[in-house]
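The values are calculated or read from the model by the stated rules, or taken from the named source; none is laboratory data. All of these numbers come straight from a predicted model, not from anything done at the bench. Ideal geometry is used to build each Cβ from the backbone, glycine not excepted, and the neighbour counts take in all protein chains shown.
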Amino acid sequence: MGYTLAQKIIKNHLVVGNMTAGEEIGLRIDQTLTQDATGTMAYLQFEAMGTKRVKTELSVAYIDHNTLQAGFENADDHRYIQTVTKKHGIRFSRPGNGICHQVHLERFAVPDKTLIGSDSHTPTAGGMGMLAMGAGGLDVAVAMGGGTYYITMPKIIRINLTGALTDFVSAKDVILEVLRILGVKGGVGAVIEYSGEGVKTLSVPQRATITNMGAELGATTSIFPSDEATRAFLKAQGRECDYTPLSPDEDATYDAEYTIDLSALRPLAACPHSPDNIKSVSELSGKKIDQICIGSCTNSSMLDMLTVAAMLKGKTVHPDVSLSISPGSKQVYTMLAKCGALADLIAAGARILECACGPCIGMGFSPKSAGVSLRTFNRNFLARSGTKDAQVYLVSPETAAASAIAGVFTDPKTLGVAPRVEIPSVFDINDNLIEMPATEDEADSVTVERGPNIKPIPVGKAPARDLECKLILKVGDNITTDHIMPAGSKILPFRSNVPKLSEFCFTVCDEKFPERAKAEGGGLILGGHNYGQGSSREHAALVPLYLGIKAVVAKSFARIHVANLINFGIVPMTLENEDDYEKLGEGDDLLIEGFADAVLGKDKAYLTDKTRGVSVPLLLSLTERQRAILSAGGLLNYTKSGS
């Protein structure tokens, strides 16, 4: 039996375990990346492990999230990251150089290699044939120290692409169609592999858009073959030497297969407040809009920007619409300026933002009250934009540009023939904003600078013999990390200050939660399906740990979040019978007898609701390694003990 794309890379990087779907495996990691919203914690953890020098082939720290400097906090964190990476052998991408995933695709992604990043959209590099996965910052820190990265051996889902995209239909519409088919839980425990004749019609930037939003499927990662389109992109970036062909074996087998005819696709939109709430743009045609944002790591490539510029050239943005555009990298921004496309965007009335994540994470450009915002981004979770009652839709650059001119939702296919836009055959190469680290001989002379906003990392404790606490919060299905630990310009500056950050925990769901958790000394959280979907931000585990949360019970968990819970010593358990969710009430007094023993070696525990007089069985689906981590009070304790 032959191997798929992912299986080939896993086989060549396998350190622990067997390639049997559902079993835990450990991988050797070639590259890592961090960004500044998660990077500070990752590097504090790296320092705490006592490792002097990074041991990966390449590690890069990017500044792209917290670039709005309304106070000293973000600037201090940037200086800390700049100095700590210089000391420990990590490259530093300065503010203004661009969004981590766009820059990494341009300058560092290599086919047939492994990459983990402390950002859930790290699978963007899968568009280059790389096994690229989002992870918690502590997992990234361990990998930088030469440690093994553990995942569950994924199933493989094949998406067979046929035909070719028609005018005004783009890669964004492809991934929205996949989300329509599979939903936000459809990729959990799986790698999404793209194949078929239609793949050959897609450039690397188009493929990267598709793999980027594979994160919204809950997938371990998504990946395309490395072929002549990959070689052409690498050659244009002056990196043809990094090219390696990668394709699945002809007799490779898949756990599920779907076929999408690219020529049959039409422009699509994800409606509020979930990336899988899909409708055709034609269904929404005529709906008034207030704001449009073009950019983010999903759609900020040179191809995307040139397409939008061509559509806006000689036209004016509708007076009722505010349009922002964020180029994905300094390379893209520079080339737009040199070719004149930037002037076309400005002349049309676009507001040009810096090369950063910006509005995607609520860092500025929030919509007006109850405003309708079309965004070429990857997430439209409730309140993520910074405006709680905003209606955010996810669309392609083509739909965004057409709607910006009309002032209402507009199907771009009604415009006739699309302008011809070609990806450049040669890109402008200037890595002057990527700082190389000090040499090993120079490292001792580097002083790491820490601002007053950087506070100590909360450290977990071994589980108590019995767990006796309150059900401190009960929430429903598809609770995202944005619900647990919101983003936005008011909150992100405190990512290195967990005590301050705790004031915002779960406030999207319950404004009184932080106050109640502190008063009760913590407790247990009950959730529905897909608890913790979305971002890789480990703060969604770190902050509950600080607030005293000992365990989370849910119907099911998202992959990265359950790993983060374990990393910080919070025990994840699932309901054996989903109907038992209704038997438990917020504020009830709970008891799990033999809690520590269950964590150490049992597959089942019993939760007694003393208030209601009921007992429900819970499942502990943990590996021996995970049990050891939880028994040590978290991965940091486990790693420092030499386990």
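Laid out as a table, the results:
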read-out	value
Strands (runs of 3 or more DSSP E) completely within segment 46-135 that count 3 or more residues being of a type in the set (A, V, I, L, M, F, W, C) and touching a residue at least 40 places away in the same chain (Cβ under 8 Å)	131-134
SER502 being part of a loop (DSSP other than H, G, I, E, B) and either crowded, with 20+ Cβ neighbours inside 10 Å or assigned by TED's automatic domain parsing to the domain that holds LEU620 (or both)	no
Boolean, ILE560 is in a helix (DSSP H, G or I), under 29 Å from the mean Cα position of the chain (by Cα) and modelled with pLDDT under 95	yes
Search result, residues across segment 552-588 that are touching a helix residue (DSSP H, G or I) at 6+ places or on another chain (Cβ under 8 Å) and either in the same structural domain as GLY39 (by TED's automatic domain parsing) or among the aliphatic types (A, V, I, L, M) (or both)	VAL552, ALA563, LEU565, ILE566, ILE570, VAL571, LEU575
Subset of segment 283-309 [touching a Phe, Trp or Tyr at 6+ places or on another chain (Cβ under 6 Å) and assigned to a helix (DSSP H, G or I)]	LEU284
Condition broken by SER615, with the remaining ones in (1) under 30 Å from GLY117 (Cα atoms); (2) outside any loop (DSSP other than H, G, I, E, B); (3) polar (S, T, N, Q) satisfied	(1)
Qualifying residue in segment 514-534 (condition: in the same structural domain as LEU636 (by TED's automatic domain parsing), under 16 Å from VAL498 (Cβ atoms), of a type outside the set (A, V, I, L, M, F, W, C) and touching a strand residue (DSSP E or B) at 6+ places or on another chain (Cβ under 6 Å))	yes
Residues satisfying the stated conditions in segment 141-156, i.e. more than 30 Å from ALA256 (Cα to Cα) and not in a loop (DSSP other than H, G, I, E, B)	ALA141, VAL142, ALA143, MET144
Members of segment 235-253 that are crowded, with 18+ Cβ neighbours inside 10 Å and in contact with a strand residue (DSSP E or B) (Cβ under 9 Å, 6 or more places away or on another chain)	TYR243, LEU246, PRO248, ALA252
Condition check for PRO419: in a loop (DSSP other than H, G, I, E, B), over 21 Å from the mean Cα position of the chain (by Cα), in contact (Cβ under 8 Å) with a residue 40 or more places away in the chain and buried (at least 21 other Cβ atoms within 10 Å of the Cβ)	no
Scan of segment 563-609 for residues that are of a type in the set (Lys, Arg) and either surrounded by 24 or more Cβ atoms within 10 Å (Cβ to Cβ) or part of a strand (DSSP E or B) (or both), ordered by number	LYS604
Count of residues meeting criterion [in a helix (DSSP H, G or I) and within 16 Å of GLN35 (Cβ to Cβ)] in segment 339-358	1
Residue satisfying condition, being assigned to a strand (DSSP E or B) and surrounded by 18 or more Cβ atoms within 10 Å (Cβ to Cβ), within set ALA540, ALA551	ALA551
Residue within segment 165-176 that is surrounded by 23 or more Cβ atoms within 10 Å (Cβ to Cβ) and in a strand (DSSP E or B) present	no
Tabulated pairs, segment 505-525, first of a type in the set (Val, Ile, Thr), second in a loop (DSSP other than H, G, I, E, B), C-beta under 6 angstrom, 6+ apart or interchain	VAL508/ALA383; VAL508/PRO486
Residues (among the charged types (D, E, K, R) and touching a Gly at 6+ places or on another chain (Cβ under 7 Å)) located in segment 143-194	LYS155, LYS185
Among (1) surrounded by fewer than 24 Cβ atoms within 10 Å (Cβ to Cβ); (2) within 30 Å of ALA229 (Cα to Cα) - the single one SER118 does not satisfy	(1)
Search result, residues across segment 178-228 that are in a helix (DSSP H, G or I), among the hydrophobic types (A, V, I, L, M, F, W, C) and either crowded, with 23+ Cβ neighbours inside 10 Å or within 20 Å of the chain's Cα centre (by Cα) (or both)	VAL178, LEU179, LEU182, VAL204, ALA208, ILE210, MET213, ALA215, LEU217
Any chance ASN74 is within 22 Å of ASN299 (Cβ to Cβ) and either in the same structural domain as LEU565 (by TED's automatic domain parsing) or in contact with a helix residue (DSSP H, G or I) (Cβ under 6 Å, 6 or more places away or on another chain) (or both)	no
Breaking point among (1) closer than 24 Å to ASP139 by Cβ; (2) assigned to a loop (DSSP other than H, G, I, E, B), for GLY528	(1)
Some residue of segment 28-44 being within 16 Å of ALA143 (Cβ to Cβ), more than 20 Å from the chain's Cα centre (by Cα) and either assigned to a helix (DSSP H, G or I) or modelled with pLDDT of 95 or more (or both)	yes
Complete set of residues in segment 309-344 that are within 14 Å of ALA400 (Cβ to Cβ) and either free of Cβ contacts under 8 Å to residues at least 12 places away in the same chain or surrounded by fewer than 23 Cβ atoms within 10 Å (Cβ to Cβ) (or both)	ALA310, LYS315, VAL317, HIS318, VAL321, SER322, SER324
Residue match in segment 253-263 (condition: under 21 Å from ASP304 (Cβ atoms) and within 25 Å of the chain's Cα centre (by Cα))	yes
